[in-house]
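The values are calculated or read from the model by the stated rules, or taken from the named source; none is laboratory data. Because the structure is a prediction, the values reported are computed rather than measured. Cβ coordinates were reconstructed from backbone atoms using ideal geometry, including for glycine residues, and neighbour counts include every protein chain displayed.
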Amino acid sequence: MHVVIVGCGRVGSTLGRELTKAGHTVAVIDRKPEAFSRLGEGFTGQTVVGIGFDRDVLVEAGIERAGALASVTNGDNSNILIARVAREEFGLERVVARIYDPKRARSTNVSVSPPWRP
């Protein structure tokens, strides 16, 4: 399955590495090119510099063939917007957005994931 990940911080980079190890194709989007260093030299997926809710950036990342999208930036509003664009404009059914604020999580119609806590 092709998976688009928006945000290449700790969560996004780990998710990207693990999904490629599991045999999935992955495209990671981040607005900061230096963020991709978190993926490591062995990362075999695609990296795209840009804003995750920009439709052209999502198309460059392969959203039209994607089976899933994970929006894991550090901004609730961005994650909600990215998830809605993926679901409503590109028809993706498997969409996950990391939302820190429980009130925002309840007010959206996308699947949400609370922050991971070790």
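Could you list, in sequence order, all residues of the range 74-100 that are surrounded by 18 or more Cβ atoms within 10 Å (Cβ to Cβ), in a loop (DSSP other than H, G, I, E, B) and out of contact with any Asp or Glu (no Cβ under 8 Å at 6 or more places or on another chain)? Hit for the range 74-100 is LEU92, nothing else. For the range 1-58, the set of residues classified as acidic (Asp, Glu) and closer than 19 Å to VAL85 by Cα consists of ASP30, ASP54, ASP56, listed by residue number.
Out of curiosity, is ASN79 modelled with pLDDT of 90 or more and more than 10 Å from VAL4 (Cβ to Cβ)? It is true that ASN79 is modelled with pLDDT of 90 or more and more than 10 Å from VAL4 (Cβ to Cβ).
For ALA105, the conditions (1) in contact with a strand residue (DSSP E or B) (Cβ under 6 Å, 6 or more places away or on another chain); (2) modelled with pLDDT under 95; (3) surrounded by fewer than 17 Cβ atoms within 10 Å (Cβ to Cβ) are fulfilled apart from (3).
With respect to the conditions (1) crowded, with 17+ Cβ neighbours inside 10 Å; (2) over 13 Å from the mean Cα position of the chain (by Cα); (3) free of Cβ contacts under 8 Å to residues at least 24 places away in the same chain, LEU39 falls short on a single one, namely (3). The set of residues in the range 58-67 that are surrounded by fewer than 18 Cβ atoms within 10 Å (Cβ to Cβ) and at negative phi comprises VAL59, GLU60, GLU64, ARG65, GLY67.
Listed here are the residues, each with its yes/no results for (1) more than 13 Å from the chain's Cα centre (by Cα); (2) farther than 22 Å from ARG94 by Cα; (3) surrounded by 13 or more Cβ atoms within 10 Å (Cβ to Cβ).
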| site | (1), (2), (3) |
| --- | --- |
| GLY7 | no, no, yes |
| VAL11 | no, no, yes |
| GLY16 | no, no, yes |
| LYS21 | yes, no, no |
| HIS24 | yes, no, yes |
| GLU34 | yes, yes, no |
| THR44 | yes, yes, no |
| THR47 | no, no, yes |
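If you go through the range 51-61 and keep only what is assigned to a loop (DSSP other than H, G, I, E, B) and over 12 Å from the mean Cα position of the chain (by Cα), you end up with just ASP54.
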